[in-house]
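The values are calculated or read from the model by the stated rules, or taken from the named source; none is laboratory data. Just so you know, these numbers come straight off a predicted model, no measurement behind them. Backbone-built Cβ (ideal geometry, glycine too); neighbour counts: all protein chains shown. Side chains are part of the model used for accessible areas, which takes the heavy atoms of the whole protein and leaves out ligands, DNA and RNA. Shrake-Rupley method; radii C 1.70, N 1.55, O 1.52, S 1.80 Å.
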Amino acid sequence: MRVELEPLPAVLDLRQAMAEERADVHPLGPVVKEIRIAKGDPEPVWSRAAHVVEDEVESGAQEQLYIEPQGMIAWAGPEFVTVTGSLQCPYYVQHGLCAVFGLPAEQVRVIQAVTGGGFGGKEEYPTVLAVHAALLALKAGRPVKMVYDRAEDLAATPKRHPSRTLSRAAFDHDGRLLALDVDFNLDAGAYVTLTPVVLSRGALHAAGPYRCDHVRVRARAWATNTPPHGAFRGFGAPQSCLAIERLLDKAAAQLGLDPAELRLRNLLQSGDTTATGQVMREEIDLTGLVETALELSDYRCLRAEFARANAVAGPEDPRRGVGLAVFLHGAGFTGSGEKRLASRAGLELDGQGVVQVLAASTEIGQGAATVFQQITCGALGVTHEQVRVAQPDTAHVPDSGPTVASRTTMVVGGLVERAALALRAALVADGLAADADPAAVARALRERGRSHGGERWIESYQQPDWVVWDEENYRGDAYPTFAWAAYVAQLAVDPLTGETRVEEFTAVQDIGRVVNPLLAAGQIEGGVAQGIGFALLEDVRWQAGRMANNRLSTYIIPTALDLPRIRAHFRETPAGYGPAGAKGVGELPLDGTAPAVLAALDQALGARLARVPALPEQILPLLTPEATHA
Amino acid sequence: MRGNAADLELRRPASLEEALELLAQDPELKVLAGGTELLVRHEDGSLGPARLLDLSALKELKQIRRVGDELEIGAGVCYADIQAHPDVIARLPLLVQAAEQTGARAIQERGTLGGNVANASPAADSVPVLLALGVGLLLRSRTAERRLPLDEFFLDYRRTALRPDELITALRLPLTPPPLQYFRKVGTRRAQAISKVALAAAGRWTARGLECRVALASVAPVPLRCRELEAFLAVEAGRGDWKERAARQLMDGLRPIDDIRSTAAYRRQVAGNLLLAFLRRAEAGRPGQDGR
Ligand SMILES: Cc1cc2nc3c(=O)[nH]c(=O)nc-3n(C[C@H](O)[C@H](O)[C@H](O)COP(=O)(O)OP(=O)(O)OC[C@H]3O[C@@H](n4cnc5c(N)ncnc54)[C@H](O)[C@@H]3O)c2cc1C
């Protein structure tokens, strides 16, 4: 066989893709997905507004960096495929295997092995690896184990989409936002992964938590010839939140207002409508949230103090800054996504009276198993010995949907709670006293278990009927509820080296009822850490479309020493529709961390950076007096 | 893991004599001290099949002791032991700083000073400190022992004056180094970081100027001692805008590269800035000056 290869010119990044608009990069064209959101009519506003501000912001790819690389073990024969591995979404993997092997779901079994973090990186790719391993197992007639080493994993698996956003805002004399135009672009890479959905979430967060009557969002995902980008905690929202927050910071400077003051004049209130025309029915107190963050961080004092100190700083004195970001994150799947999923989860009572939680939602280090157990114990009125969480195994647990989109506690936790309440009602019908103590409930469970062992209580998700979403036109209720947050970063830049040290971080959020305070704070701390990496350190270096720094010694994530004290503070407005008013929390902290850090850098440097990560190599020239320039 | 452990053959001598004997018989043996360089190369597959000479049982290489007006640090002493030794703490604070900033605790427990030097990476953090302090290396083969100034050890990128049958047995440092000392490592982050630039300097004022040694990591194919700069400072320090002229001279002479960790422009600028930081401190510490 003879193979002739002719290298064609490749499209290797977003700027090139947008400049060349080459049709030959992907069958769908240079743009693999486009979304438009329109509210009111911004056009006439630009000419009559007191201020028009324009901005451009870019962000790089970011690697999820879960603990263990992708890995899968497969057994396969003509009539069956079984896989086990590190994964977030067992039923996604089952779905993919069914399609490739042409088998019905009953003959394809997927078991989640212990998984050390996913961050979106174990959402989609495990299906690819499961198919590879299962095909080899079928051919070999033997089990096959495939485990990527870190270098392979970093080089091949999808990362956060690089982004480039061009935006424009109009304000009146008092700094009220009149019109907003956002051109949001993602680098999809060579294949279409979850890109359309990531683009959608990015577009839906592009207007931030601000009231504005005239909005245009144009969101496009561009094909390039690099490895494809995909799901990563935040799912497009970190990129678009960064852009709107950068735009507001620029506007504040242009209008001569403090960035916090400009935001306070424009916050969304209950009863307002978002860019998609969604009426905010839930109780929102964004002003209270922002004020809490400003107070806890001492923002106003620090801002004045740093301005004074920076003005007289000597050649080795750190330049300091403090910055604010205000943002929101839609909880659960977008629009009618949850309706389509129609998740199922529940409980099984065994012969000994032990209750098992049945859900395909995976424990990946975030504490899902603890929360399910806690919710079940609470609703049943028993202690934890009585409740276990089943291993996610498609042969045993119903499809509760993927472990993504900050939905596990809110959506699946809600189903588990309902199942537990139904079981409790059955116990009461058996004669259990309404005020029975945990020991009495346990006895009742054992008794019922003896006669009804194996009994299941499965609940199906029903979306509240007021949620109306028009996917065609991107109008209506994008999410049934939102989490809200205001973050403040305080940092110091070393003028000798351009290195940034985040010194304090205050994260104030309203995620509805906090089901488990320790785990919720853990989500915030971890998310802020990942956000600081996104903002200051994590830089995927592409060389001819390949990741050149695919080692842990060259792809730099923050260590404990690179992180500040992170203060997570919760204001609880139980407006969520999860257990007792809970909302999602997992992705939220990724959205606001980078913009808070960059806002603080604005003050420290007296100059603006428009790209993350903001590396010392970019910062140092802004600090170095001409005299010593080489 | 791309290397295969079955491809490795390990010798673990019980004494230095035995180690030197083995090395004399088989100069292809690869020396293994803490393994924090070598095993990385095993992991990524670049080491390949190898016969290893494991020095970890050699107590002779793990001592820190005074010899006359020098401190002798065995080549097999690890960073954690350096940080804990009273003489090092009292007299060689720069070395303590370099040790504290090497990798993180686990690496500090295994990585050795001898390995850092022998490995001859231009990014080695302890090496600029050792160059600034004026270290002598003790090199031994079965038949001979010699002392070589560290300056003369690094020949070219990862090429050293070590002969195939030689081991580094110890480093000799002055017990009373010059009073003006400075070290700053600028890594990719605050721990587990390889240097983008590091600068070490040690010196004293003389009647003519500033007599000092200045050395840099990660700006050249070898750990760099800045002799021209030192000559300039020896006569020009204290005159007019000497600090800025020195920084300019240093920056003009450097030929760093763009690589995966940083850029040439950044490295050059930071090298100049760190030198200025040292010179400002030196000026402040000049006898008879109030430092301003
Ligand atoms: C995670 C990590 C972080 C690191 N961080 C840093 C850092 O911050 N700064 C830094 O400078 N380095 C760092 N390193 C590199 C390494 O830890 C140091 O260079 C260390 O000092 C090497 O010593 P070792 O004893 O482990 O060397 P080994 O791996 O055992 O040997 C290294 C080389 O030296 C040779 N050798 C060792 N001892 C002798 C001897 N006595 N005589 C002759 N040849 C000898 C070996 O043959 C080999 O070629 C890091 C490494 C890792 C894995």
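Some notes on this structure:
- A:H396, A:H384, A:H229, reordered so the largest accessible area comes first (probe 1.4 Å): A:H384, A:H396, A:H229
- Among A:L341, A:L427, A:P392 - extreme Cα towards positive end, dipole of region A:337-460, charges at beta-carbon: A:L341
- Hz values of 3J(HN,Hα) by residue in region A:548-563 - Karplus curve (6.51, -1.76, 1.60), Gly and Pro given as x: 7, 9, 8, 9, 5, 7, 10, 8, 9, 10, x, 9, 4, 5, 8, 10
- Measuring only protein heavy atoms, the 1.4 Å probe finds A:L12 accessible over about 60 Å².
- Rounded to the nearest 20 debye, the dipole size of region A:337-460 about its Cα centre is 220 debye, using +1 on the Cβ of Lys and Arg and -1 on the Cβ of Asp and Glu.
- Straight Cα distances below 22 angstrom link B:K30 to the lysines B:K59, B:K62, with same-chain residues fewer than 8 positions distant left out.
- Pairs over the 25 Å Cα-Cα cut-off, from the set B:K185/B:K243; A:K159/A:K250; A:K122/B:K196; A:K159/A:K339; A:K39/A:K583; A:K139/A:K159: A:K159/A:K250; A:K122/B:K196; A:K159/A:K339; A:K39/A:K583; A:K139/A:K159.
- A:Y577 - accessible surface, heavy atoms, 1.4 Å probe, Å² rounded to 10: 70 Å²
- A Cβ-based charge dipole, computed about the Cα centre of region B:180-284 with Lys and Arg at +1 and Asp and Glu at -1, lands at about 360 debye.
- Residue-normalised accessible area of region A:29-168, expressed per residue, 1.4 Å probe, Å²: 40 Å²
- Per-residue SASA remark: A:M72, around 0 Å² accessible (1.4 Å probe; ligands, DNA and RNA not included).
- For A:A345, residues with placed amide H under 5 Å, excluding near neighbours: A:E459
- Region A:337-460: relative contact order as a whole-number percent, Cα under 8 Å and 6+ apart: 42 percent
- Protein accessible surface hidden between A and B, which excludes ligands and nucleic acids, total in Å², probe 1.4 Å: 2600 Å²
- The accessible-area loss of region B:248-275 on complex formation, taken against its chain alone with a 1.4 Å probe, reaches 30 Å² or more at B:R248, B:I260, B:R261, B:Y266, B:Q269, B:N273.
- Region B:39-159: relative contact order in percent, alpha carbon pairs under 8 Å with at least 6 residues between: 17 percent
- Listed residues A:W46, A:W75 arranged by accessible area, highest first, probe 1.4 Å: A:W75, A:W46
- Phi angles of region A:324-334 translate, via the Karplus equation with coefficients 6.51, -1.76, 1.60 and θ = phi - 60°, into HN-Hα couplings of 10, 10, 10, 7, 9, 9, x, 9, x, 5, 5 Hz per residue; Gly and Pro are given as x.
- Accessible solvent surface per residue of region B:180-284, calculated while the other protein chains remain in place, 1.4 angstrom probe, Å²: 37 Å²
- Only helices enter the 222 nm calculation for the protein assembly as shown: every DSSP H run of n ≥ 4 contributes -39,500 (n - 2.57), and dividing by all residues gives -10000 deg cm²/dmol, rounded to 500.
- Centre separation in Å (Cα based) which lies between region B:222-274 and region A:583-624: 30 Å
- Note on region B:5-54: along the principal axes its Cα atoms extend 32, 19, 15 Å, ordered by decreasing extent.
- Karplus-derived HN-Hα couplings along region A:422-432 (A = 6.51, B = -1.76, C = 1.60, θ = phi - 60°), whole Hz, x at Gly and Pro: 5, 5, 4, 4, 5, 5, 5, 4, 5, x, 5
- Each of the trypsin sites (Lys or Arg not before Pro) that DSSP puts in a loop and that has at most 13 other Cβ atoms within 10 Å breaks chain A; the longest unbroken stretch is A:282-630.
- Carbon/sulfur fraction of accessible area - the protein assembly as shown, other protein chains in place, 1.4 Å, %: 52 percent
- A simple charge model with +1 on the Cβ of Lys and Arg, -1 on the Cβ of Asp and Glu and nothing else charged puts the dipole of the protein assembly as shown at about 1540 debye relative to its Cα centre.
- Å² of accessible area per residue within region A:229-293, as computed with a 1.4 Å probe and no ligands counted: 26 Å²
- Shielded by partner chains, region A:549-581 residues - at least 30 Å² of accessible area, 1.4 Å probe, vs chain alone: A:R551, A:S553, A:T554, A:I556, A:T559, A:L561, A:D562
- Sorted from greatest to least, the principal axis extents spanned by the alpha carbons of chain B come out as 63, 44, 31 Å.
- Principal axis box of region A:542-630, alpha-carbon based, largest edge first, Å: 62, 35, 26
- Each 10 Å bin, from zero up to the one with the longest distance, holds this percent of the alpha carbon pairs of chain A: 3, 16, 25, 26, 17, 9, 3, 1, 0.
- At a threshold of 30 Å², the residues of region B:161-195 that become less accessible to a 1.4 Å probe in the full protein assembly than in their chain on its own are B:R184, B:T188, B:R189, B:R190, B:A191.
- Look at the alpha carbon pairs under 8 Å that are at least 6 residues apart: their mean separation over the length of chain A gives a relative contact order of 17 percent.
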